[in-house]
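Visitor: Can you keep this structure in mind? I'll have questions shortly.
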Amino acid sequence: MTGRYLPPVGRAPLAVALDAPDGATALRWAAAVGPSAAVLKIGLELFYREGPAMIAALRERGLLAAAPGSASAPELFLDLKLHDIPATVAGGMRSVATLLPRFVTVHAAGGSAMVRAAIAAAPDVDVAVVTVLTSLDAAALAATGLAGPPEDAVRRLAVLAVEAGARTLVCSPQEVRMVRSELGGDVTLITPGVRPPGVEAADQARTSTPREAVEAGADLVVVGRPITRATDLGEAARAVADSISAGRAAVGG
Ligand code: C5P
């Protein structure tokens, strides 16, 4: 798919991370947050336990759009962060493409040929390329052998991904302005590491508020625990969606 991500009319560009321990919990969470979310993100914890049956269960209940582009329910984001040799990642992409996700993540650190193979294997999927995990601060990044501040690594990996054909990148809200000025306006930027004011960062390191993220130019804001650990998930999701909408209005989005 091409073009910058736009949420369905009437929904804020919020992706809620359903990092739930089991399917029953995920269904409950999806029902509560669905009205406020443009996208539901399923990652390693839920997908490794429940697999494709989870996607079918959400769709059967009308909690997930049947396919990308349908505005009746949130779209599917499979955050599987593929990182392997090109042939293996291509095979993985072909397998998950049958689930009709809007987004699937791969790691830019897998290299240019791997990103290219992922895109070629799933032409109808937005391959979202993760630059540097939002949990890594400068010291943690240096310990992996990637020298320099996170912003430099994000810049290098974002350029690598776009040169390999990617149009969708994942970075922290703190790098959105830099990535946009480096790569132009038509790249979709997805930002995790988002925390409403006063909410603890937990294991996230490079964070901003939802409003700051969209004001910086993020196209899709990922929020997990600040919503899914709240007492009232529906209300927490609504509050985050409202602050995203306020941020978009402030920058004329
Ligand atoms: O709970 P929290 O809001 O920290 O969740 C963030 C979500 O975004 C998690 O599901 C995590 O796997 C994902 N993510 C991230 N950093 C990235 C890419 C994805 O935190 N760079």
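Visitor: So how far apart, in nm, are the two label points at Ala24 and Met178 if each is 7 Å from Cα heading toward Cβ?
Guide: Taking the two extended label points, one gets 4.6 nm.
Visitor: Mean shadow of the chain, computed from the convex hull of its alpha carbons, in nm²? Mind dumping the intermediate values first?
Guide: On the way: hull surface 48.8 nm².
Hull-based average projected area comes out at 12.2 nm².
Visitor: List the equivalent ellipsoid semi-axes of the range 143-224 in whole Å, largest first, each obtained as the square root of 5λ for an eigenvalue λ of the Cα gyration tensor.
Guide: The answer is 21, 16, 10 Å, longest axis first.
Visitor: Return the calculated 222 nm mean residue ellipticity for the chain, to the nearest 500 deg cm²/dmol, obtained by summing -39500 (n - 2.57) across DSSP H runs with n ≥ 4 and dividing by the residue count.
Guide: Numbers: 11 runs with 106 residues, N = 253.
That calculation yields -12000 deg cm²/dmol at 222 nm.
Visitor: In addition: Defining a contact as two alpha carbons under 8 Å apart and six or more residues distant in sequence, what relative contact order in percent does the range 14-250 show?
Guide: Once normalised by length, the contact order is 18 percent.
Visitor: Sort 123-130, 75-82, 17-24, 141-148 by packing, meaning the average of other beta carbons within 10 Å per residue, with the highest value first.
Guide: Order by mean packing, descending: 75-82, 123-130, 17-24, 141-148.
Visitor: Let me ask something additional. Give, rounded to the nearest 20 debye, the magnitude of the charge dipole that the range 88-199 has about its Cα centre when Lys and Arg contribute +1 at Cβ and Asp and Glu contribute -1 at Cβ.
Guide: Dipole magnitude for the range 88-199 comes out near 160 debye.
Visitor: Still on this structure: Quick one: dipole size for the range 14-250, taken about the Cα centre, charges +1 on Lys/Arg Cβ and -1 on Asp/Glu Cβ, in debye to the nearest 20.
Guide: Value, rounded to 20: 220 debye.
Visitor: Find the Rg to Rh ratio for the range 1-136, where Rh is the Kirkwood radius over alpha-carbon pairs and Rg uses the same atoms.
Guide: Over the Cα atoms of the range 1-136, Rg/Rh equals 0.95.
Visitor: Would you mind checking which residues have amide H under 5 Å from Ala128's amide H? H placed 1.01 Å from N; only 5 or more apart, or other chain.
Guide: It is Val104, Thr105, Val106, by chain and number.
Visitor: Please give the peptides 113-119, 60-66 ranked by average Cβ packing (other Cβ atoms within 10 Å per residue), highest first, as a rough proxy for protection.
Guide: Working: 113-119: 22.7, 60-66: 16.4.
Highest to lowest by the protection proxy: 113-119, 60-66.
Visitor: Can you work out ³J(HN,Hα) from phi for every residue in the range 211-224, in order, using Karplus 6.51 cos²θ - 1.76 cosθ + 1.60 and θ = phi - 60°, giving whole Hz and x for Gly and Pro?
Guide: Result, rounded to whole Hz: 5, 4, 4, 6, 5, 6, x, 5, 8, 8, 9, 9, 9, x.
Quick note: the coordinates plus some simple rules give every number you see, no bench work behind them. These figures come from a predicted structure and were not determined experimentally. A quick note on method: Cβ atoms are made from the backbone with ideal geometry, for glycine too, and the neighbour counts reach across all protein chains shown.
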